[in-house]
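The structure under discussion appears below in the form of structure tokens.
The values are calculated or read from the model by the stated rules, or taken from the named source; none is laboratory data. All of these numbers come straight from a predicted model, not from anything done at the bench. Please note: Cβ atoms are built from the backbone with ideal geometry, for glycine as well, and neighbour counts cover all protein chains shown. Calculation scope for accessible area: heavy atoms of the full protein, side chains included, ligands and nucleic acids excluded. Shrake-Rupley method; radii C 1.70, N 1.55, O 1.52, S 1.80 Å.
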Amino acid sequence: MDSHTVFISLGSNLGNREKALKDAVNSLSPDVTPTAFSKIYETPPWGYDQQPTFLNQVIRVKTALPPFDLLDKLKSIEKDLGRRPTFRYGPRLIDMDILFFDAIVISSERLTIPHPEIENRAFVLVPMMDIAPDFIHPVSCRPITNLAKDVSKKKIKEYQPKEEIGRDHA
Ligand code: PH2
Ligand code: MG
Ligand code: MG
């Protein structure tokens, strides 16, 4: 079976943000298998200021799904986890975006790959640096390390995951 390597960004700024990221990752199987995880970062809202800070993470996955089937799968996970429609750049319980899909380039109404805002988003480039600093953007042909130089990382903080739920603190 044809296996693709895909980078997916995860974001949440409503409810239990850490749980939302975990639930999203755990909902991917069996069609989509995570193979690398960045650290989780606390990031200031980008695009629209008046909303809570985000937790962001990037994962690498393997999948045989083609791009539009993967998109449908991510949208249905977002819905199952309770995401409700808001406005562009507005607050969300969980957001799962395809960043890169092999070296494929797609430009359609529903889906643009690579994700069109990668170069402007420290909340994507900082976690990408954890797992794929040498990955080459198939359109600009610049490696992640090089793209990451041009964004401000000042307000991006590593997030310390909470203790496992149910663990004894005595
Ligand atoms: N997602 C957005 C808009 N703004 N800002 C941060 N920090 N993190 C996000 O994931 C994010 C955002 C729309 O998808
Ligand atoms: Mg998004
Ligand atoms: Mg999205």
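Of the residues T5, I118, F68, the one whose Cα sits farthest towards the positive end of the charge dipole of region 4-158 is I118 (charges of +1 on Lys and Arg Cβ, -1 on Asp and Glu Cβ, taken about the Cα centre). Between the residues T53, G82, P161, the greatest Cα displacement towards the positive end of the dipole of the chain, with unit charges on the Cβ of Lys, Arg, Asp and Glu, is found for T53.
Multiplying the residue separation of S3 and A103 by 0.36 nm and subtracting their alpha-carbon distance yields 34.7 nm. Rounded, prolate or oblate: pick one for region 4-158, where a ≥ b ≥ c are the square roots of the eigenvalues of its C-alpha gyration tensor, a/c under 1.5 means rounded, and failing that, prolate if a/b is larger than b/c, else oblate. Rounded, since a/c falls under 1.5.
Find how much the distance from K162 to D31 grows on full extension, using 0.36 nm per residue of separation minus their present alpha carbon separation; answer in nm with one decimal. Present the calculation step by step, with values, prior to reporting the outcome.
Details: separation 131, 0.36 × 131 = 47.16 nm, distance 2.85 nm.
Taking 0.36 nm per residue and subtracting the Cα distance, the gain is 44.3 nm.
Of the listed residues H115, H137, the order by accessible area with a 1.4 Å probe, largest first, is H115, H137. Other residues whose C-beta falls under 13 angstrom from the C-beta of F54 contribute a net charge of 0, scoring Lys and Arg +1 and Asp and Glu -1. Cross-link reach is defined here as a Cα-Cα straight distance under 20 Å, omitting same-chain residues fewer than 8 places apart; for K154 the lysines meeting it are K39.
For region 4-158, the carbon plus sulfur part of the accessible surface works out to 53%, probe radius 1.4 Å.
Which value, in debye to the nearest 20, gives the size of the charge dipole of region 86-158 about its Cα centre, when Lys and Arg are +1 and Asp and Glu are -1 at the Cβ?
Working: 10 positive and 10 negative charges, 78 e Å.
Roughly 380 debye, rounded to the nearest 20.
Taking all protein chains as shown and a probe of 1.4 angstrom, R121 keeps an accessible surface of around 20 Å². Gain on full extension, evaluated as 0.36 nm per residue between Q50 and S76 minus their Cα-Cα distance, stands at 6.7 nm.
Phi angles across region 146-158 convert, under the Karplus curve 6.51 cos²θ - 1.76 cosθ + 1.60 with θ = phi - 60°, into 3J(HN,Hα) values of 6, 4, 5, 5, 8, 10, 7, 9, 3, 9, 8, 10, 5 Hz, Gly and Pro given as x. Only Lys, Arg, Asp and Glu carry charge here, each on its Cβ (+1 for the first two, -1 for the last two); on that basis the chain has a dipole of about 440 debye about its Cα centre. Heavy-atom accessible surface of the chain, averaged per residue, reaches 55 Å², computed with a 1.4 Å probe.
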